[in-house]
Amino acid sequence: MAENDGDGAETIPPLRKRKPDQTLYTRQPETERLLAGLLGLPEREVLERAAITRRSDPGWLRGECLVFMMRRASRRSDKRSYQRWCRLLLARVRAQMPHGRSGTPLTTVELAMAEYGIDRFAKLLGPDLSGYNESLDIYEAVFDLALARLRTDALKTTLPKRDDTKPKPTYVEYGSDPRVDLEVEQAKAEEDLFGIARGNDEDFRSRVWEAIDALPKEQNRILTMMREGVSPGEMAKILGLEPKTLYNRKMAALKAVRDAIGSAGQ
């Protein structure tokens, strides 16, 4: 992946995948800055930082950096280094797949989602190892957003199919660029219940997940899809609901969870 300039210094090559508008995917400026600093460090030190899982830790590295370092090892034919980075990266992906709540085991759907997501990501690595897989560029450009799309695909694949004999609802169509769609959804999610839960302590998160588990089936399903990053348009298609009905059920579910959390804290 990395190349040398005329002075022998290692440079960071551009990504190759193009968006629907034919512009290239690019790394975020913060990612470029981090990579420039990492290239001058001993690999042992970089690997230690890559193993940090807490985002609040000053040494924590973005997923984009792990993808870059793994591909860099591959291009340098360093099999030992590649295997180390590959293990760390797969662990990062696995951590973002469903993994149970409050110490409870995975449900059948959650287990299927996790297996689908990890398997699909792993299949991107083979073609990249033997050449260059442009599909992996998205993970090097926007790792978290690409994982959100992967979780959405996993959820749609594992959920039971809806009855297509029912009248098809109208819904808002989303654009063809998953990065744009996911950025919009992520901005909305920063203010929702799950954003608050992820930024709080374990006890608070446990109360949130327990309250969701206790909801009626329809409300539980909506919040489960919200938690996994499914967009409103996709959710309407999966559930076969009109947008207004979906919105009302979502708001009722969120209110029920907030009420339950408030009661538990009294």
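The numbers here are math on the coordinates, done by the rules we state, and not lab data. Owing to the predicted nature of the structure, the values given are computational and were not obtained by experimental measurement. All Cβ positions, even for glycine, are placed from backbone atoms using ideal geometry, and neighbour counts span all protein chains on display.
Observations on the model:
- Above-threshold pairs, the threshold being 26 Å between Cα atoms, out of LYS123/LYS217; LYS156/LYS217; LYS17/LYS250; LYS123/LYS156: LYS123/LYS217; LYS17/LYS250
- The trypsin sites (Lys or Arg not before Pro) of the range 36-78 that meet both conditions, a loop assignment by DSSP and at most 15 other Cβ atoms within 10 Å of the site Cβ, are ARG54, ARG55, ARG76.
- Neighbour cut-off at most 16 other Cβ (10 Å), DSSP loop, GluC sites (Glu not before Pro), the range 46-151: none
- Distance in nm between pseudo-label sites at ILE52 and LYS17 (7 Å out along the Cβ direction from Cα): 2.7 nm
- Label point distance in nm, ARG120-ALA9, each placed 7 Å from Cα along Cα→Cβ: 4.0 nm
- Under 12 Å from the GLU43 label point (7 Å along Cα→beta-carbon), backbone N, the range 58-101: 69-86
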